[in-house]
Structure formats: structure tokens, C-alpha cells
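One structure below.
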Amino acid sequence: MFDTLSDKLNSVFKQLKGHGKLSEKNIADGLREVRMALLEADVHYQVVKKLVADIKARALGQEVMGSLTPGQQVVKIVNESLTQLMGETHEELNLAGEKPVAVMLVGLQGSGKTTTAGKLSVMLRKTGKQPYLVPADVYRPAAIDQLKKLGTQLDVPVFDSTPDMDPVKICQEARVAAQKAGCDTLLLDTAGRLHIDDALMEELSRIRTTVRPTDILLVADAMTGQDAVNIAKTFDERLDIGGVVLTKMDGDARGGAALSIRSITGKPIKFIGVGEKLSELEAFHPDRMASRILGMGDVLTIIEKAQEVVDEKKAIELEKKLRKNQFTLEDFRDQMRQIRKMGSLTDILGMIPGMGKIKQMKNLQVDEKELVHIEAIINSMTPRERRQYSIINGSRRKRIAAGSGTRVQDVNRLLKNYAQVMKMMKKINKSGMRGLGRGMLP
Ligand code: GDP
């Protein structure tokens, strides 16, 4: 996400950092490069103009702060300008209204509407809502099946639409059905076309006036850059959308759409799709996004992800085990599974401050396969071996390697790492206990 833009901006900052004091000329040169970087990232030219003017005004009017070098100061200013450009704070879904409320998803075909409907239902359920999926695209019969399948997979109820029904009627009947089923939030997956056309807009307007959704989200593909911005503008003019979901951000190295939409349409990006999996939807936080673009990391999102996947009870249990030196290879595997649930390791690395640049160094690429190997190795052990690793002798190692499709060296390495962790824990526990003991003495 944003890799190209981040690279470019960072090289500009690096040049600026070389100067002890910034002159007007340094700033002007730097800004020219920032402007180029933004244009190359496919940011709308009007937005670039506005942003550069804003950065310039702030940079020139800025008092010199003792704690920051001039270079750092520029990064800070760009960070603030980017944040403001994208809308400052995260805007939530609007669900205020008489239950059940409806959220309408609109957008072109292939933008990721159906997938996003599934992702949103997962997200809503986590906050205690009862979502209800409504397939309202009757022109592409596969669309109805796709949503029904998603519903079954997620165990979320889906309205039983058929291709011969009128989309407006589907939405009306679905509301009654949702209420009967005890659901409070309808997600309307409407029809998409390859291009914007009048008939489609008519139909969407009819749904809007009859169903009165509390929020209308335009789903747009980030990889289409400025097309996504124009689509958002047109849909907004016709339907007065509430916000945008920008999908496929995982494949978008430039970030032009993400940076332009708010400024051009005045409507916020509410969520971003960061992968094909149904858990890969994130709330869009302008401040965090600006930090990510500037390679300053996004620690808050990592913490939230960790909170989502970490089971509190398990964590306490695990801590007890660690204290008693009972942390087995099975626990090790469980830990790894939890980390993997947080998403791709490369993405997580990108959110750690300062890691953005390091991540790009070829020899530091995180090998996701390695984790799969480790899990396979542990899976190939017998339960006793997992609890008591000291019994794993040479012939057992050979068997485990063959069973997991890895090499004996891989098994050796894993056991060595594990043994090291155990040794370290023992040390910590010992000195920790001693410390505790001393504290308890009168
Ligand atoms: P619709 O025609 O608008 O309903 O689009 P779909 O939901 O069928 O999505 C089209 C394609 O985009 C599918 O292959 C999805 O898996 C993929 N897709 C959707 N959202 C994302 C995303 O955030 N990241 C990636 N990489 N793919 C996505």
C-alpha cells in the first residue's frame, strides 16, 4: 500500500534532512519534488495544488521548534497536511434510525461490492449488530448466488432474492424479513454495471427513495486511481452518498484515489479493503494513513488487530504457563496462529514505525512460507513430543521432517529456537521470583 509514494517522499525528506537549516530555496526545491511524487502517485492535480500550497504556507509560517530538525519539521508538516486532506478523523457508518436500518452498497461491477457486503457483516457482528444480507443485483444471476454462498459461509442470513424480482421490491420485502429474523442492519448489495449508465442510476435512486438507507457507500477499486475519484463524484451527484469504501488497497502502490476522494467529493472514505479475505476490511483513519504513507508506522492499527485476534483468557493462561516453564511447542504453535490471524506479516511490518523502509530491503522480506513450515513441523509431532521436546532424538527428527515435507535442518532450527526461548524464560522467571521474594521480606 502506498509503497511508491512513500519511497518518493522519503527520498525528498532525506535530502532535506541533510541541511542543518532550511532556506526558502530548500523548501521550494523540496516542494517541487513532493509535487512530482504526488502527481506520479496519480493524485488529482487540483488536490496536489491545494496540498502543496498548504504545505508551503505551513512551512514558511512555522516557528522553528527546538526539538525538531528542519527536515523533521517538514515531515511533520506534510503529515499534518495529508491528514487534513483525507479528513482528519475516521467517520463511522451511519446506523442511526428506526431498526432495522439499511446500508446501501453501490458501485461498478467488479469493484468489490459483494465481497465488501460480506466483510461489513463480519465487522458489524463484532460490534454486536445483527446484519442481514440482501442480494439486489438481478441482472447478474451469479451475483445473487455469490452473496448467498457468502452468507452461508459466515452464518449471516441472506434474503432469498430471485432474478425475476424487482430490485426495489426485493429491498422492501427484505426489510420485513430482516425484522422477522431479529436482524437490525440490512446490507443492500445493489447492481453494478461496467460503466455508469442512466438506467442503473434510476434504479438506485428508486431504491434510495423507497428504502431510505441511513448510509450509502460507494464501493470503488483503488487500483483504478483517478477513475475511482470520477466514479465517486458521479455517484455522489446522483445519489448523495454517505461515504466511500476503497477496495484493493493491498494492490495499490500509488494511493492517488485514497488521497483525492475526500477533497474532490467532500465525502469521507469510511473503510478500506486490504485483501480478498473476509476479515480484510479496515476502518479508514486519515491520521494513521498519513503516518503509513510517510513511513512513520501505524501502531494503533496493529494494537487493534492484536486485540481482535488475541483471546484474553488464553493470554492469561499462557502467561501462567510461561511463568511455570510449561510453555510447550503446542502453545508455540497457537501463538503463531494468532499472529498470522492479524494478517500478512509484510503488511504488519509496514505498520511498525521505521519499518516501512527496512521492509523493502530484499533480504529482509518476511517469508510467510517459513511460518507455514513451522506449523507443519509442529503438527507432525506426536502430542508427547510437543509437550516434552527433549525426547525428540535423531530418528524422531527424521520422521517429523518427512511427515511435514521439510528437512531435518528445519526441524533442528525450530527446536533450537524453541530451546532458546525456554532458556530465556527460565532465566526471567528465576530472577523475577528472586526479585519477588526479596520484595516480600520484611
Ligand atoms: P462486485 O462485482 O462489485 O460485487 O465485486 P466482487 O465482490 O465480486 O469482487 C470482485 C473481485 O475483487 C473479487 O475477485 C474479489 O475477491 C476482489 N476483491 C474485493 N475486494 C478486494 C480487496 O480489498 N483486495 C483484493 N485484493 N481483492 C478484492
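The values are calculated or read from the model by the stated rules, or taken from the named source; none is laboratory data. Please read these numbers as outputs of a predicted model, since none were measured by experiment. When we count neighbours, we look across all protein chains shown, and the Cβ atoms used for this are built from the backbone with ideal geometry, even at glycine.
Checked across segment 103-113, the condition of being away from the ligand (no atom under 13 Å from the Cβ) and more than 20 Å from the chain's Cα centre (by Cα) holds for at least one residue.
One residue alone among Asp227, Asp287, Asp250 is at pLDDT below 90, away from the ligand (no atom under 14 Å from the Cβ) and of a type outside the set (A, V, I, L, M, F, W, C), and that residue is Asp287.
Is at least one residue of segment 126-147 more than 13 Å from the ligand (Cβ to nearest atom) and at positive phi? Yes; the residues of segment 126-147 include at least one that is more than 13 Å from the ligand (Cβ to nearest atom) and at positive phi.
Annotation: Ala142 fulfils all but one of (1) surrounded by 21 or more Cβ atoms within 10 Å (Cβ to Cβ); (2) closer than 29 Å to Ala222 by Cα; (3) hydrophobic (A, V, I, L, M, F, W, C); (4) more than 25 Å from the chain's Cα centre (by Cα); the unmet one is (1).
Every listed requirement among (1) in contact (Cβ under 8 Å) with a residue 60 or more places away in the chain; (2) more than 16 Å from the ligand (Cβ to nearest atom); (3) of a type outside the set (Lys, Arg); (4) in contact with a helix residue (DSSP H, G or I) (Cβ under 8 Å, 6 or more places away or on another chain) is met by Gln179 save one, (4).
Among the residues of segment 182-224, which ones are in a loop (DSSP other than H, G, I, E, B) and either within 13 Å of the ligand (Cβ to nearest atom) or over 25 Å from the mean Cα position of the chain (by Cα) (or both)?
So the first thing to find is which residues in segment 182-224 are in a loop (DSSP other than H, G, I, E, B), and the list is 182-184, 191-197, 212-214.
Of everything in segment 182-224, those that are in a loop (DSSP other than H, G, I, E, B) and either within 13 Å of the ligand (Cβ to nearest atom) or over 25 Å from the mean Cα position of the chain (by Cα) (or both) turn out to be Gly182, Cys183, Asp184, Ala191, Gly192, Arg193, Leu194, His195, Ile196, Asp197, Arg212, Pro213.
Quick check on segment 256-284: of everything there that is more than 13 Å from the ligand (Cβ to nearest atom) and of a type in the set (S, T, N, Q), which residue is farthest from Glu237 (Cα to Cα)? Checked segment 256-284; the qualifying residue farthest from Glu237 (Cα to Cα) is Ser260. Pairs needed: first member in segment 126-153, of a type in the set (D, E, K, R); second member anywhere, more than 13 Å from the ligand (Cβ to nearest atom); C-beta distance under 6 Å; at least 6 residues apart or different chains. Correct list of pairs: Lys129/Asp184; Lys129/Thr185; Lys148/Val158.
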